[in-house]
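Please treat every number below as a calculation from the coordinates, not as lab data. Note that the coordinates shown come from a computational prediction; the quantities given were computed from them, not determined experimentally. Every residue, glycine among them, receives a Cβ derived from its backbone with ideal geometry; neighbour counts consider all protein chains shown.
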Amino acid sequence: MPSDDYPDEPSEAETEALVARLHAGQTDQGGQPYIEHLRAVRDLLGPDASALQRKAALLHDAMEDQGLDAGRLRGLGFRPAIVAIVELLTHGARERPPASASVEERRRAKAAHYLADIQRIIDSGNLDAMQVKRADNRHNADVARDVHLSEAQRVEARWRREHCYLPSIAMLTAAIERAQP
């Protein structure tokens, strides 16, 4: 694994310990410790991932789920490139469909917003962010994660996989391939 650590930045092990504290008690929809998702995203980057990518993968939900902001991440010693990735991967405010909208209308709006977020990441040109998000969506799309879900949750997970995660993986893969020599 390439070493691109900054000497004053938390190490990968320190980053993992930080996110374990931040996400302590948090579980995914299947009731599994959330830290396992963060580790899986990091590991899905593969052995050639940079330290920057691996740390960003561990931190990718820190703003969205734990309310950290860019200033706090910088204050913890993370370099601007990692903070920029985490900011890019944080979902923006979402306009909610009216309460009268059907389930299908709400789902379509959710997928459109999600894929617009993916396009925003691609448009940024930040290859590291694209690679981390693709790893995140690969893990989110993994049917093995459905084993602990109720039937209703499995139906929703299947819908998200088909309408959000798999299309986004295709979009990100195409963008990554275009960006690489």
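List of remarks:
- For Thr27, nonlocal amide neighbours, meaning residues 5 or more places apart or on other chains whose placed amide H falls under 5 Å from its own, are Tyr34.
- Look at Lys110, Lys55 and count the other Cβ atoms within 10 Å of each Cβ; fewest to most, that gives Lys110, Lys55.
- Along its first, second and third principal axes, ordered by size, segment 80-130 spans 42, 15, 11 Å in Cα coordinates.
- Least to most buried among Thr90, Thr15 (fewest other Cβ within 10 Å first): Thr90, Thr15
- Whole-number D in µm²/s for the chain (Stokes-Einstein; Kirkwood sum over Cα pairs; 10 °C, 1.306 mPa s): 93
- Once the Cα atoms are used to define both axes, helix 127-140 deviates from the longest principal axis of the chain by about 50 degrees.
- Charge sum, other residues only, whose C-beta stays under 11 Å from Gln153's C-beta, Lys/Arg counted +1 and Asp/Glu -1: 0
- Oblate is the label for segment 1-76, because a/c, from the alpha-carbon gyration tensor with a ≥ b ≥ c as root eigenvalues, is 1.5 or above and a/b does not exceed b/c.
- For segment 137-181 and segment 87-134, distance of Cα centres in Å: 13
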